[in-house]
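Contents: one structure, followed by commentary.
What follows draws every value from the coordinates through simple rules; no lab data is involved. These numbers were taken from a predicted model, which means no experiment stands behind them. Cβ sites come from the backbone with ideal geometry, for glycine too, and all protein chains shown count toward neighbours.
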Amino acid sequence: MVGSFKTEAIVLRSIRFGEADRVLHLYSVARGRIGAIAKGSRKPRSRFGGRLEPFFRLDLVLHQGRGELATVTAASTVDGFARLRSSGPAIGAAARACDAMLRLLDSADPNPAAYNLLCRYLVMLDDPASAAADRLQTALAFRLKLALAAGFAPELASCAHCGEAEHLTGFSGAAGGVVCSSCERGSFGLSAEAHGFMVEALASPLAAAPEASERSLRQVERAVSETLEHHAHVRLRAAA
């Protein structure tokens, strides 16, 4: 629809364009994914300052013309997550989270659950007291919750092939979930700890991501990655 509109959004990616512009990949609370251009934003005296960088949470005014990209006409900062930007591990975790949003949520339809999840994760990464924020288990809990918000959460309650609720010893990305010992062909072994982590991570707040061994966490990462590759046709970057 042609015209101006307002929305809150997070900058997922910012790309230099031409001599002075930026092309932005945004995820908004009201309109889902938005592609936009900020004209003149790289000029020294730009009214946008430095707030069009990744991870900024902004109140935006945009104009949608007949092209694919909206034009940013005004931007004010809701949260710049300044402390996050002083930590290498936190920057890496935030970048992987934004990349996952880019790859998995490409629709213009709003997804408030996904938007709020990313906001919570960035707040955690910005908090010096949140020592677990940039750890692998929190990153995987984020991915599980994001998969759920996008409609691609793996089946964890019973065998994805036959419905059996006992002897769940493997995981099949093609089937989209755990599988029993009778249906394990083509699956990989999934420990009880890894299975339990996924169940608990989906049921718990992001800040309360459960503990698990490195081996189990790598199984969880593989399970989430293979599920999204088969069913969302998306390949995510390594979680850490």
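Helix 88-104 and the long axis of the chain differ in direction by around 80°, with both axes built from C-alpha atoms.
Sequence-distant contacts, meaning Cα pairs under 8 Å at least 6 residues apart, place the relative contact order of the chain at 16 percent. The H on the amide N of residue 161, modeled in the peptide plane, is under 5 Å from the matching H of 180, each at least 5 residues off or on a different chain. So for segment 84-231, Kirkwood radius off the Cα pairs, Stokes-Einstein at 4 °C and 1.567 mPa s: how many µm² s⁻¹? Reported coefficient: 82 µm²/s.
Axis angle, to the nearest 10 degrees, between helix 214-231 and the longest C-alpha principal axis of the chain: 70 degrees.
Computed over segment 80-207, relative contact order equals 21 percent, with contacts defined as Cα pairs under 8 Å that lie 6+ residues apart.
Placing +1 on the Cβ of every Lys and Arg and -1 on the Cβ of every Asp and Glu, with no other charges, gives the chain a dipole of roughly 1360 debye about its Cα centre.
With Rh defined as the Kirkwood radius, the inverse of the mean 1/r over Cα pairs, the Rg/Rh of segment 3-79 is 0.92.
Our estimate of slack between residue 2 and residue 85, defined as 0.36 nm per intervening residue step minus the Cα-Cα distance, is 26.3 nm.
For segment 10-17, putting each phi into the Karplus relation 6.51 cos²θ - 1.76 cosθ + 1.60 with θ = phi - 60° gives couplings of 10, 7, 8, 8, 10, 10, 5, 9 Hz, in residue order, rounded to whole numbers and with x for Gly and Pro.
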